[in-house]
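Beneath this line is the structure, given in structure tokens, with notes to follow.
The values are calculated or read from the model by the stated rules, or taken from the named source; none is laboratory data. Everything numeric here is computed off the predicted structure, so don't read it as measured data. Because the Cβ atoms are built from the backbone with ideal geometry, glycine has one as well, and the counts that use them run over all protein chains shown. Heavy atoms of the whole protein, side chains included, go into the accessibility calculation; ligands, DNA and RNA do not. Shrake-Rupley method; radii C 1.70, N 1.55, O 1.52, S 1.80 Å.
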Amino acid sequence: MQYHLEGFRAGDPSVAVANDRATGDRVDVLIVGCGPAGLTLATQLSAFGHLSIRIVERKSGPLEFGQADGIACRSVEMFEAFDFAHRVIKEGYQVNEVTFWRPGPGKGPLVRADRIQDVEDGLSEMPHIILSQARIHDFYLDVMAKSASRLVPDYNRELVSLARFDEQAFPIEATFACLDRDGEAETIRAKYLVGCDGARSKVRSEIGHVLKGSSARQLWGVMDVLPRTSFPDIRLKCAIQSTNQGSILIIPREGGYMVRLYIELDALKPGERAADRGVTSGQLVDTARRILAPYDFDVAEVAWWSAYEIGQRVCDGFDDVAEAERGAKTPRIFIAGDACHTHSPKAGQGMNVSIADAFNLGWKLAAVLRGQSPSGLLDTYSAERQAKAQELIDFDRDMARLFSEKPKTEDDAAKFQAYFKKHGRYTAGVETRYDPSLIVGDDHHQSLASGYPVGKRFHSAPVVRLADAKPLELGHTLKADGRWRIIAFAPRSDDGKSDGPIGALCRELASLIRRVTPDDENIDSVIDVRAVFQRPHQDMDVAELPELLRPRKGRLGLTDYEKVFCPALNGEDIFDLRGIDHGNGAVIVVRPDQFVSLVAPINAPDRIHEFFFGVLY
């Protein structure tokens with residue numbers, strides 16, 4: 001974390017200097033809903049102090065008890081971009097292993113069939129975490145409140161109506177009922193509006209989208225309990241399939257004592273809904289007890305419980321522009337999270353995919369509002385995220401079906417286990433890959449960096465910062481600040497001097513950097529150029545680096561010394577770990593949401609110029 005750039009300032013450095021821009025009934029972006037998608041988006045946009053943002057919520061205050069709890073490795077990587085991953089890891093339960101239980105020989109008592117590692121080695125530097133959604137909300141709210149915008153949600157606001165007037169400077173008009181002031185209403189005008197208002201989204205219905213899909217007609221119960229049990233794996237994630245009593249997924253919760261149980265119940269009849277069954281917490285406990293037999297199972301306290309029907313649904317589009325009008329009309333209203341896709345909770349993807357939706361959209365809105373990128377950038381949100389949501393729906397359908405299948409043979413019982421292992425990368429959230437587009441280039445030079453596939457997230461690796469010999473993860477330098485990154489991996493011959501290959505690249509990039517950077521902003525405010533060399537850090541001299549890698553910034557003209565890195569001291573060479581060509585090096589262009597846009601040769605700056613020509617003004 002860097003601070004003091006504009007002069008010494010005492011106190012908590014995470015509290016930004018507040019801007020003086022008032023936020024009233026005319027805003028750049030209006031966000032409806034304070035779920036994980038809404039708060040991710042608001043937090044990202046709040047970092048841009050010159051943008052006016054409002055986020056409104058129907059509830060009377062912050063979430064106190066969250067229903068989502070599984071946090072994928074990729075989500076923790078994103079939390080690092082907001083500087084609160086360490087808080088999540090400290091408080092959460094870390095999923096290290098998963099056990100599979102099924103009937104023993106001859107349909108005998110439950111036996112542990114296998115015990116596997118939850119996340120394969122090298123998949124991410126971040127763990128798979130279980131933590132209440134309410135705490136994730138708390139962390140987002142804290143970052144928002146400390147931002148330059150000092151953003152705080154407006155609670156007790158229920159969306160009543162929505163209209164779009166294209167000829168207006170603020171073309172979106174939203175009217176809210178003020179639930180804390182009887183009979184009063186508030187109207188807000190916005191340049192853009194994002195509906196993060198859940199599965200019953202008012203925004204979705206106002207723009208004419210519907211969730212399409214089907215129900216599995218399978219009833220499940222879920223409960224957070226403080227158990228008393230002889231079951232030996234109660235503090236491990238467990239998938240349990242009995243012969244004829246149903247299935248259970250056990251998810252240990254944070255704090256060392258509480259456990260979440262997903263409990264299979266009977267199939268629903270045609271036309272029947274979950275609420276029609278009159279399920280009680282006592283029934284869920286009794287069902288869990290039968291499935292876990294012969295192990296004792298009792299509940300000291302039920303913290304929360306519910307019953308739900310498995311279903312998978314997704315919208316055809318995630319904004320207010322019909323495909324026939326795409327390119328001729330600018331999207332102004334968007335939906336994210338459960339407003340545009342719903343699925344069963346057992347795959348653990350709901351909150352994670354919602355966060356990814358918002359992380360994808362936030363920087364794009366900021367780039368267009370700041371005049372950096374053409375409005376066509378906004379079309380990529382629906383194209384990218386709708387395709388990923390459909391992949392999730394397909395995965396979730398197979399996962400739910402396999403979990404509910406009654407094992408008739410040992411081979412049948414092993415199907416779910418094999419599926420779980422096969423899709424571990426997907427559930428970790430690291431398999432997302434975007435197709436070629438305005439912001440995803442071709443993979444013609446992929447061989448130069450095989451570990452950074454174009455369209456996939458930038459996979460972090462350990463390095464040492466040259467200027468102060470600090471070991472760190474390279475990916476942790478990619479913060480949620482709306483900046484593009486050009487990361488140059490130097491060829492073996494480069495010793496870091498200005499007349500070397502990286503120096504030549506920096507000189508060639510200078511015109512691009514000057515073209516897209518406003519005169520009154522720092523040279524790295526739009527595109528942040530960094531470099532990784534193969535030489536040990538003790539063998540290099542900071543003073544000999546190209547000026548672009550040690551730029552002077554701020555009103556005081558201070559030098560930024562944190563742009564250059566060398567191989568890690570523990571022998572984990574990032575060039576080997578990520579398949580970087582040692583002889584030729586490579587240039588990696590990374591989007592503001594940490595996805596790789598382009599791999600290019602060090603000596604082909606024209607390829608980088610060409611890519612950015614359509615992306616940045």
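What the table below lists for this structure:
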| item | result |
| --- | --- |
| Positions within segment 359-392 being within 20 Å of R483 (Cβ to Cβ), open to solvent by less than 10 Å² (accessible area, probe 1.4 Å) and part of a helix (DSSP H, G or I), in sequence order | F359, N360, L361, G362, W363, K364, L365, A366, A367, L377, L378, Y381 |
| Unmet requirement for A177, which otherwise passes all of (1) open to solvent by 50 Å² or more (accessible area, probe 1.4 Å); (2) in a strand (DSSP E or B); (3) modelled with pLDDT of 95 or more | (1) |
| Pick from segment 45-71, criterion touching a Phe, Trp or Tyr at 6+ places or on another chain (Cβ under 7 Å) and closer than 17 Å to A336 by Cα, ranking: least open to solvent (accessible area, probe 1.4 Å) | V56 |
| Flag if D411 is open to solvent by 10 Å² or more (accessible area, probe 1.4 Å), assigned to a helix (DSSP H, G or I), of a type in the set (D, E, K, R) and out of contact with any helix residue (DSSP H, G or I) (no Cβ under 6 Å at 6 or more places or on another chain) | yes |
| Answer residue from segment 12-44, given it is in a helix (DSSP H, G or I) and β-branched (V, I, T) and is surrounded by the fewest Cβ atoms within 10 Å (Cβ to Cβ) among those | T43 |
| Which numbered condition R260 misses (of (1) part of a helix (DSSP H, G or I); (2) charged (D, E, K, R); (3) modelled with pLDDT of 95 or more) | (1) |
| F395 being open to solvent by 20 Å² or more (accessible area, probe 1.4 Å), in a helix (DSSP H, G or I), among the aromatic types (F, W, Y) and at pLDDT below 95 | no |
| Matching option when the condition is at negative phi and part of a loop (DSSP other than H, G, I, E, B), among S511, S525 | S525 |
| Residue within segment 210-225 that is farther than 26 Å from F359 by Cβ, open to solvent by 60 Å² or more (accessible area, probe 1.4 Å) and at pLDDT 95 or above present | no |
| Cross-chain or 6+ apart pairs with Cβ under 7 Å, segment 81-92 first and of a type in the set (G, A, S), then part of a helix (DSSP H, G or I) and open to solvent by less than 70 Å² (accessible area, probe 1.4 Å) | A85/V76; A85/F79 |
| Sole exception among (1) open to solvent by 20 Å² or more (accessible area, probe 1.4 Å); (2) within 30 Å of I335 (Cα to Cα); (3) free of Cβ contacts under 8 Å to residues at least 60 places away in the same chain for R9, by number | (2) |
| Test: residue in segment 93-109 that is in a loop (DSSP other than H, G, I, E, B), open to solvent by less than 30 Å² (accessible area, probe 1.4 Å) and either in contact with a helix residue (DSSP H, G or I) (Cβ under 9 Å, 6 or more places away or on another chain) or farther than 22 Å from F403 by Cβ (or both) | no |
| Hits in segment 481-506 (condition: assigned to a helix (DSSP H, G or I) and touching a helix residue (DSSP H, G or I) at 6+ places or on another chain (Cβ under 8 Å)) | I502, L505, C506 |
| Residues of segment 545-603 classified as in contact (Cβ under 8 Å) with a residue 40 or more places away in the chain, part of a loop (DSSP other than H, G, I, E, B) and closer than 26 Å to F359 by Cβ, total | 8 |
| Qualifying position, being in contact (Cβ under 8 Å) with a residue 12 or more places away in the chain, within 34 Å of the chain's Cα centre (by Cα) and either crowded, with 18+ Cβ neighbours inside 10 Å or within 30 Å of E391 (Cβ to Cβ) (or both), among A324, A267 | A267 |
| Residues satisfying the stated conditions in segment 180-197, i.e. farther than 11 Å from V56 by Cβ and surrounded by fewer than 20 Cβ atoms within 10 Å (Cβ to Cβ) | D180, R181, D182, G183, E184, A185, T187, R189 |
| Checklist (1) touching a helix residue (DSSP H, G or I) at 6+ places or on another chain (Cβ under 8 Å); (2) at pLDDT 85 or above applied to P232, failing item | (1) |
| Residue selected from segment 110-143 under the condition charged (D, E, K, R) and in contact with a strand residue (DSSP E or B) (Cβ under 6 Å, 6 or more places away or on another chain), by the criterion most open to solvent (accessible area, probe 1.4 Å) | R115 |
| The lone exception for H86 - which of (1) buried (at least 16 other Cβ atoms within 10 Å of the Cβ); (2) within 30 Å of H423 (Cβ to Cβ) it fails | (1) |
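A quick yes/no check of all residues on (1) aliphatic (A, V, I, L, M); (2) closer than 20 Å to E158 by Cα; (3) touching a Ser or Thr at 6+ places or on another chain (Cβ under 9 Å):
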residue	(1), (2), (3)
R9	no, no, no
R21	no, no, yes
D25	no, yes, yes
I31	yes, yes, no
R54	no, yes, yes
P62	no, yes, no
